[in-house]
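First comes the structure, then the notes that go with it.
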Amino acid sequence: MKALGKGSGREAGFSLMELMIAMAVTLMIMGIAGHVLEMAMKVRTRENQRTEAIADAQRALQAMTRDISNAGLGLSDNGLYCDDPSEPTFGELRIRSNLNAFSEAVPDTADADEDLVYSLITDATVTPPQRLVTRQDVNTGKISQLANRIDGLHFDFLNADDTAAASVASAAKVRITVWVSLPAVGTAGSYGYQPPSRMRLSSQAALRNSVLTQ
């Protein structure tokens, strides 16, 4: 009975070596799980950035497309005015329209939403500086921020068949393109590192004035 008791006691316990091996395996599993979790968090951060940036850009494109479609309505020209249409990473466009064209005998662009300026500006009051797409109503003086994740804005002026127009004044359509840059997430070489990337979104507006006068 005494020998049996000693033998059963040895079989019920763990040796120091077994405990050390078990701890090492547990730590290894925890380390791998931590790296996997870190990678998942960085991927999720990038996807959140991408989703927010795309939503911001789409809101800006929809607003600009809606207003630009009305450019020249009730006027003798297409209502487009652009100082420098050749710059690919910075854009500013002024549009005029007479939204009361069917109820006024004399063309008038002095009402709200009839003289607008779209610009890409840099806000240096925040760190790091951000580029914003703004909508300025010249008649009311109101300036609205359309998007704050836009890094480039460009307007292409097109004919009705989508070929490049000879001038801004002769354009029948406007293609609006925005660029969105996403910063890197994490450190290069680390688990879950997401490199910087850039996306481009565009929309096209057919001028109502060109349709009415054809």
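Data table
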| read-out | value |
| --- | --- |
| Residue list for segment 106-148, restricted to those being of a type in the set (K, R) and either in contact with a Cys (Cβ under 7 Å, 6 or more places away or on another chain) or under 13 Å from A60 (Cβ atoms) (or both) | R131, R135 |
| Residue selected from segment 175-193 under the condition outside any strand (DSSP E or B) and in contact with a Phe, Trp or Tyr (Cβ under 9 Å, 6 or more places away or on another chain), by the criterion nearest to R66 (Cα to Cα) | A184 |
| Candidate set from segment 179-210 (those that are without any contact (Cβ under 8 Å) to a residue 60 or more places away in the chain and basic (K, R)); member that is nearest to L120 (Cα to Cα) | R200 |
| Residues of segment 155-166 satisfying the condition of being under 25 Å from T109 (Cα atoms) and either under 23 Å from the mean Cα position of the chain (by Cα) or assigned to a strand (DSSP E or B) (or both) | F155, D156, F157, L158 |
| The one condition in (1) buried (at least 16 other Cβ atoms within 10 Å of the Cβ); (2) modelled with pLDDT of 85 or more; (3) part of a helix (DSSP H, G or I) that A71 fails to fulfil | (3) |
| Among the residues listed as S103, S144, S119, S203, the single one being within 20 Å of R50 (Cα to Cα) and not hydrophobic (A, V, I, L, M, F, W, C) | S203 |
| Number of the exception - E47 against (1) modelled with pLDDT under 90; (2) in a helix (DSSP H, G or I); (3) in contact with a Ser or Thr (Cβ under 7 Å, 6 or more places away or on another chain) | (3) |
| Single residue of A55, A40, A24, A60 found to be under 28 Å from M199 (Cβ atoms), among the aliphatic types (A, V, I, L, M), loosely packed, with under 13 Cβ neighbours inside 10 Å and at pLDDT 85 or above | A55 |
| Residue match in segment 169-178 (condition: surrounded by fewer than 19 Cβ atoms within 10 Å (Cβ to Cβ), within 21 Å of A57 (Cα to Cα) and free of Cβ contacts under 8 Å to residues at least 60 places away in the same chain) | yes |
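The values are calculated or read from the model by the stated rules, or taken from the named source; none is laboratory data. Not measured: the values here are computed from a predicted model. FYI the Cβ positions are ideal-geometry reconstructions off the backbone, even for glycines, and counts take in every protein chain you see.
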